[in-house]
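Accompanying notes for the structure given below.
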Amino acid sequence: MLSIKAARRDGSAVRWADIAAGRQDTAIRAQAGGLQSLKRADLPVAAPRPG
């Protein structure tokens with residue numbers, strides 16, 4: 001199982017509203033590229049938790 005926490009490398013939080021608005025698309029695409037390099041057929045699922 002893979003869990004992705006909505007946080008930057010410096011530990012600061014990334015707001016789900018910013019993710020939903022597309023303001024984090026570049027960072028998300030970079031992470032997706034890293035996952036593709038694992039050559040696995042896993043299905044990512046996003047399940048935001050209110051916080």
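The values are calculated or read from the model by the stated rules, or taken from the named source; none is laboratory data. Here the structure is a predicted model, which is why all the values come from computation and not from measurement.
Table for the structure above
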item	result
Qualifying positions in region 8-35 - of a type in the set (Gly, Ala, Ser) and either in a helix (DSSP H, G or I) or modelled with pLDDT under 85 (or both)	Ala17, Ala20, Ala27, Ala30, Ala32, Gly33, Gly34
Residue within region 36-49 that is at pLDDT 85 or above and within 11 Å of the chain's Cα centre (by Cα) present	no
